[in-house]
Amino acid sequence: MTTETSTWATKKGLARMLKGGVIMDVVTPEQAKIAEEAGAVAVMALERVPADIRAAGGVARMSDPTMIEGIMSAVTIPVMAKARIGHFVEAQVLEALGVDYVDESEVLTPADEANHIDKHQFKVPFVCGARDLGEALRRISEGAAMIRTKGEAGTGNIVEAVRHIRAVHSGIRRLVGMREDELFVAAKELQAPLELVRGVARDGKLPVVNFVAGGIATPADAALAMQLGAEGVFVGSGIFKSEDPARTANAIVQATTHFDDPKVIADVSKGLGAPMRGIALEAIPEAERLAVRGW
Amino acid sequence: MKIGVLALQGDFREHLDTLGAIGVEGVEVRRPEQLSDVSGLILPGGESTAIRRLIERWGLREPILDLARRGAPLFGTCAGMIVLSREIEGDEAPVLPLLDISVARNAFGRQLDSFEADLQVPVLGDQPVHGVFIRAPVVERTGPDVDVLARLEDGRVVAVREKNILATAFHPELAGETRFHRLVAAMASEHDDPGEGAGRRPHPIRRTNAANG
């Protein structure tokens with residue numbers, strides 16, 4: 001009997017176990033426990049939620065390992081942590097700490113403006129952001145075992161998240177309708193490997209799990225993402241920047257499970273208190289937008 | 001005949017696809033009333049802490065226990081095994097204590113220790129089962145009425161059954177493995193229509209008991 005660890009099936013497989021669930025950003029072990037108690041399927045351990053990263057400015061880096069370890073020992077659900085785009089040493093450190101997933105994230109300041117991390121070289125699985133089908137397939141070809149559409153993190157504004165999940169799915173529908181001999185040009189236009197393009201055209205879906213991130217602040221936002229084809233959601237600032245984080249977290253979990261039942265969404269949305277305040281997209285200068293990082 | 005798949009969270013789609021592949025109708029179950037016309041229930045992989053809370057929140061506990069008491073087959077994979085266990089190590093309260101076993105969660109470690117291994121499962125025939133173990137649990141104790149269906153090379157128990165309840169620590173639904181689902185479907189149709197002399201006929205999952213010793 002041969003036993004193989006950290007295979008492609010186990011990397012992709014963990015993301016499949018998270019489907020239909022909510023992954024929450026947390027900055028302390030106490031928040032991680034609140035998230036687990038509310039029904040989160042995983043937590044993202046980081047020093048500051050994106051709204052605060054945005055406010056603080058400067059260079060945003062991988063979090064302090066002590067803080068990540070504190071969160072890992074506080075909960076039994078999977079713990080993810082962020083590395084800067086292209087910063088493969090931060091990813092090595094996170095792997096050495098034993099995190100369950102590394103997010104190569106545009107929320108942190110990119111370390112390399114040309115290359116993403118070669119994720120095939122790692123035993124730990126990676127999740128990466130994408131704005132459209134081509135970007136998603138490029139990340140998968142580099143070894144990402146899970147995709148999340150980017151949205152615009154730290155805004156509490158769902159508009160970019162909607163744009164990105166719609167772009168991924170309309171890209172998929174377009175490929176499905178194509179003749180085999182049209183896929184060559186499609187691959188060129190998508191700037192993605194032909195084999196992956198053929199697979200999407202055949203299966204009508206990405207070869208890995210796809211969540212929505214960046215701007216989800218209410219139960220209805222989460223259900224909107226799910227109805228648009230998300231397989232689960234990441235909620236960053238939306239929970240711990242709300243008036244009642246435990247209740248908001250739980251309500252978003254319920255709305256993600258029952259995303260196609262408006263009565264449930266109505267019920268869980270009652271009396272939640274103020275959500276995070278949110279930022280209109282036009283109020284953010286181009287240079288401060290996070291989603292354009294990565295290519 | 002319909003087999004329900006608990007669709008609160010996790011890889012329920014993969015279970016529905018596996019049922020589809022063997023020509024069995026699978027239905028998503030999120031609410032108690034959706035259990036009324038199913039002949040069996042699959043509890044998928046996922047995060048057991050999240051699934052536990054959703055079962056409680058949506059009042060699914062008693063209706064699922066009722067289904068099991070009536071003799072319908074239940075099959076849990078990974079988190080589903082944890083949910084069906086009578087004891088969970090670390091003093092966590094059981095969710096649906098239908099299997100007289102004790103399980104340890106994340107028994108192999110974190111994600112970096114997730115693995116694949118081929119397993120002998122005599123009840124399914126000679127062809128080995130390809131087991132995908134993801135942050136998997138392991139069975140630490142089995143009660144007197146529990147049959148061990150599969151062990152790892154080191155002897156640890158990773159698949160069990162007790163009468164109409166089946167559970168695996170791994171994910172047949174991720175490996176294109178249909179034999180567990182066929183077994184559940186056979187048990188479900190036996191439960192629906194026991195036929196003449198059913199009382200004397202060995203139950204489909206008990207049939208190979210003697211061979212197992």
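The values are calculated or read from the model by the stated rules, or taken from the named source; none is laboratory data. All values reported here derive from a predicted model rather than from experimental measurement. Note that each Cβ is placed from the backbone with ideal geometry, even for glycine, and that neighbours are counted across all protein chains shown.
The single condition among (1) in contact with a strand residue (DSSP E or B) (Cβ under 9 Å, 6 or more places away or on another chain); (2) in contact (Cβ under 8 Å) with a residue 60 or more places away in the chain; (3) β-branched (V, I, T); (4) away from chain B (no Cβ under 12 Å) that A:I53 does not meet is (1). Given the condition facing chain B (nearest Cβ under 7 Å), of a type in the set (G, A, S) and touching a helix residue (DSSP H, G or I) at 6+ places or on another chain (Cβ under 8 Å), answer yes or no: does some residue in region A:19-37 qualify? Within region A:19-37, one or more residues are facing chain B (nearest Cβ under 7 Å), of a type in the set (G, A, S) and touching a helix residue (DSSP H, G or I) at 6+ places or on another chain (Cβ under 8 Å). Would you confirm, using the coordinates I've provided, whether A:M80 is more than 22 Å from B:T77 (Cβ to Cβ) and either assigned to a strand (DSSP E or B) or within 11 Å of chain B (Cβ to nearest Cβ) (or both)? Taking the combined requirement at face value, the residue satisfies it. Residue count for region A:122-159 under the criterion of being touching a strand residue (DSSP E or B) at 6+ places or on another chain (Cβ under 9 Å), more than 27 Å from B:R135 (Cα to Cα) and of a type in the set (D, E): the result is 2.
State yes or no: is A:I239 within 14 Å of chain B (Cβ to nearest Cβ) and assigned to a helix (DSSP H, G or I)? Judged against the criteria, A:I239 is not a match. Across region A:5-15, not a single residue is classified as at the interface with chain B (Cβ under 8 Å from one of its Cβ atoms), farther than 30 Å from B:L119 by Cα and not aliphatic (A, V, I, L, M). Just name the residue that is nearest to the other protein chains (Cβ to nearest Cβ) out of those in region B:33-65 that are surrounded by fewer than 17 Cβ atoms within 10 Å (Cβ to Cβ) and in contact with a Leu (Cβ under 8 Å, 6 or more places away or on another chain). Ranking the qualifying residues of region B:33-65, first place goes to B:R61. Can you pull out every residue in region A:117-153 that is farther than 19 Å from A:H87 by Cβ and not in a strand (DSSP E or B)? Across region A:117-153, the qualifying residues are A:R131, A:D132, A:L133, A:G134, A:A136, A:L137, A:I140, A:S141, A:G151, A:E152.
Condition first: part of a strand (DSSP E or B) and of a type in the set (D, E). Can you find one or more residues in region B:64-78 that meet it?
no
Taking first residues from region B:13-35 that are under 19 Å from B:T77 (Cα atoms) and in contact (Cβ under 8 Å) with a residue 40 or more places away in the chain and partners that are among the hydrophobic types (A, V, I, L, M, F, W, C) and part of a helix (DSSP H, G or I), the Cβ contacts under 6 Å between residues at least 6 apart in sequence or on separate chains come to B:V24/B:A185.
Within region B:33-49, the set of residues being out of contact with any helix residue (DSSP H, G or I) (no Cβ under 7 Å at 6 or more places or on another chain) and assigned to a helix (DSSP H, G or I) comprises B:E33, B:Q34. If you check A:I68, A:I23, A:I77 for being in contact with a strand residue (DSSP E or B) (Cβ under 8 Å, 6 or more places away or on another chain) and closer than 19 Å to A:E152 by Cα, only one passes: A:I23. All conditions but one from (1) of a type outside the set (A, V, I, L, M, F, W, C); (2) at pLDDT 95 or above; (3) more than 17 Å from the chain's Cα centre (by Cα); (4) closer than 30 Å to A:F122 by Cβ apply to B:G90; the one that does not is (2).
Taken as a whole, the structure places A:G156 among residues that are closer than 24 Å to A:G58 by Cα, more than 14 Å from every other protein chain (Cβ to nearest Cβ), in a loop (DSSP other than H, G, I, E, B) and not β-branched (V, I, T). For region B:62-87, name all the residues that are over 19 Å from B:M187 (Cα atoms) and in contact with a strand residue (DSSP E or B) (Cβ under 6 Å, 6 or more places away or on another chain). Answer for region B:62-87, where residues must be over 19 Å from B:M187 (Cα atoms) and in contact with a strand residue (DSSP E or B) (Cβ under 6 Å, 6 or more places away or on another chain): B:I82, B:V83, B:S85, B:R86, B:E87. Starting from residues that are within 14 Å of chain A (Cβ to nearest Cβ) and either of a type in the set (S, T, Y) or assigned to a loop (DSSP other than H, G, I, E, B) (or both), keep the ones in region B:1-32 and report whichever is surrounded by the fewest Cβ atoms within 10 Å (Cβ to Cβ). Here the answer is B:R31.
What about A:G70, is it within 30 Å of A:Q227 (Cα to Cα), of a type outside the set (S, T, Y) and modelled with pLDDT of 95 or more? No. Checking region B:121-144 against the condition returns a match, with at least one residue being more than 14 Å from chain A (Cβ to nearest Cβ), in contact with a strand residue (DSSP E or B) (Cβ under 6 Å, 6 or more places away or on another chain), of a type in the set (D, E, K, R) and assigned to a strand (DSSP E or B). Inspect all residues belonging to region A:83-91 and state whether any of them is more than 14 Å from chain B (Cβ to nearest Cβ) and of a type in the set (F, W, Y). Within region A:83-91, one or more residues are more than 14 Å from chain B (Cβ to nearest Cβ) and of a type in the set (F, W, Y).
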